[in-house]
1. Determine which single condition B:Asn58 fails, assuming it passes every other condition in (1) under 26 Å from A:His114 (Cβ atoms); (2) within 15 Å of DNA strand C (Cβ to nearest atom); (3) over 15 Å from the mean Cα position of the chain (by Cα); (4) not charged (D, E, K, R).
2. Being buried (at least 18 other Cβ atoms within 10 Å of the Cβ) and touching a residue at least 60 places away in the same chain (Cβ under 8 Å) narrows it down to one residue among B:Arg140, B:Arg106; which is it?
3. Go through segment A:28-46 and count every residue that is of a type in the set (Lys, Arg) and closer than 26 Å to A:Gly6 by Cβ.
4. Would you check if B:Glu5 is touching a residue at least 40 places away in the same chain (Cβ under 8 Å), out of contact with any helix residue (DSSP H, G or I) (no Cβ under 7 Å at 6 or more places or on another chain) and either within 24 Å of B:Glu130 (Cβ to Cβ) or surrounded by fewer than 18 Cβ atoms within 10 Å (Cβ to Cβ) (or both)?
5. Is it the case that segment A:14-27 has a residue that's of a type in the set (Lys, Arg), near DNA strand D (Cβ under 10 Å from one of its atoms) and over 24 Å from A:Glu127 (Cβ atoms)?
6. What's the number of the condition A:Val50 fails, among (1) part of a helix (DSSP H, G or I); (2) more than 9 Å from DNA strand C (Cβ to nearest atom)?
7. Report yes if some residue within segment B:7-17 is away from chain A (no Cβ under 14 Å), out of contact with any Gly (no Cβ under 9 Å at 6 or more places or on another chain) and at positive phi; otherwise report no.
8. Which residues, counting only those in segment A:19-38, are surrounded by fewer than 21 Cβ atoms within 10 Å (Cβ to Cβ) and away from DNA strand C (no atom under 12 Å from the Cβ)?
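Rule-based calculations on the coordinates, nothing more; no lab input. Everything numeric here is computed off the predicted structure, so don't read it as measured data. Note: ideal-geometry Cβ built from the backbone for every residue, glycine included; neighbour counts use all protein chains shown.
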Number of protein chains: 2
Amino acid sequence: MSTAEGRLTSDDRREQILAAATVVFGDRGYAGGTTDAIAKQAGISQAYVVRMFGSKENLFLEVSRRATGRLRDAFRGIIAGFTGEEGNLERQVLLGRAYGELVADRGTLLTLLHLFGLGQDPVFGPEARESFLDVYRIVRDEAGFSAEEATQFFARGMLNTILLALRMPDVKDDPRAFELLSSSMGEQCETILASFEAQASVAG
Amino acid sequence: MSTAEGRLTSDDRREQILAAATVVFGDRGYAGGTTDAIAKQAGISQAYVVRMFGSKENLFLEVSRRATGRLRDAFRGIIAGFTGEEGNLERQVLLGRAYGELVADRGTLLTLLHLFGLGQDPVFGPEARESFLDVYRIVRDEAGFSAEEATQFFARGMLNTILLALRMPDVKDDPRAFELLSSSMGEQCETILASFEAQASVAG
DNA sequence: AACAGTAGTAATCAATTGATTACTCATCAG
DNA sequence: CTGATGAGTAATCAATTGATTACTACTGTT
């Protein structure tokens, strides 16, 4: 999947590696994602991946921060567009849609989930907790949701995240699977699924 | 943490390895959990871990099946005790409590979450989807919940799972963290937290 | 006592992996 | 043209890891 480019500026290459790492870490998790696979995905040498970020740990940290940062930005962008006329239900829908668009990038979705599973880790654990809380604070304090509304919103979001991580839409001809997806994700399911189809998975 | 026992029957040792593997895989995920760490946790040689289960992949598969199997059994046990007099809200509380008790075993909780993150995997993906759907079918068909009730129940469950995986209760003196935990987990939080404190984590 | 079956390990291996080093090649200012 | 800076890599390393093999030792049976 490497589009055989020539020399890039350091910054461009950096972005490219971060994108590649998001895909690979998403696919195989932190421990399972090798710097070699990331290098191949980006079309450069493994040595350069390590060199640019110092270490694999550092790289995953940056990938995680990208993902959580995008989430914060997306929510703040939506909230900035609030007119003050919507009900909180409509606001939930708007924010939910923003989340859906973000995690239509499967790498981002999975990287977030893997990060949440690293709560034990001395480095990633605190990072994960702080990022999660940051987003909660945004929804609670900036979007003006009550604790109950915010909790419900997050609960639905986490279920959707896991259903997508599971590739539940791949289960065909199962009425219960369809029902669960419809009930939890509604019409967003098709949109996100379509974008998944178009996405590169890790080669080998 | 290995309680220096003598010879055990094959079956007893098997159980012990599965328990150790649940802790290790929970802590470090599938790729990150080494057969060596599992062996040390169980107090036996690495060779024997591999030998008893054929491969690490197989071992994780069995660990996953244990976890999802326990979940199914717990729910069915609760449902069998339904009198027919409860409202569905009370039933949600009863099932929620059962889930809480199950994932008070942190290894089980984390193993489930890691499994869900492996939806891409050709071996674990189908397993994960099928297990998840099984539980949904139980809640839907055997507990008699509507699609909406079941979805809400699962959403809350997934949020709780992630909050615990994140070790969110470790965040002290943060009103928003406390609020989120209270709102999502209610009084269960303390119970589960207490059991976490008592649990062995992976040594090194 | 001798045998058989089973629990368990030490030693070892090939493969993988993150990291380092020394280098090549391109680009561009003067 | 020249020299310097920065992009990028080949080669290599030490450590880790899952797996295999050949072996030891315990246990119960006849």
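1. Condition (2) is where B:Asn58 drops out.
2. B:Arg106
3. Residues that pass the stated criteria total 1.
4. For B:Glu5, the condition - touching a residue at least 40 places away in the same chain (Cβ under 8 Å), out of contact with any helix residue (DSSP H, G or I) (no Cβ under 7 Å at 6 or more places or on another chain) and either within 24 Å of B:Glu130 (Cβ to Cβ) or surrounded by fewer than 18 Cβ atoms within 10 Å (Cβ to Cβ) (or both) - is not met.
5. No, every residue in segment A:14-27 fails to be of a type in the set (Lys, Arg), near DNA strand D (Cβ under 10 Å from one of its atoms) and over 24 Å from A:Glu127 (Cβ atoms).
6. So A:Val50 meets the others, but not (2).
7. Within segment B:7-17 (the criterion being away from chain A (no Cβ under 14 Å), out of contact with any Gly (no Cβ under 9 Å at 6 or more places or on another chain) and at positive phi), the answer is no, since none of the residues qualifies.
8. A:Ala19
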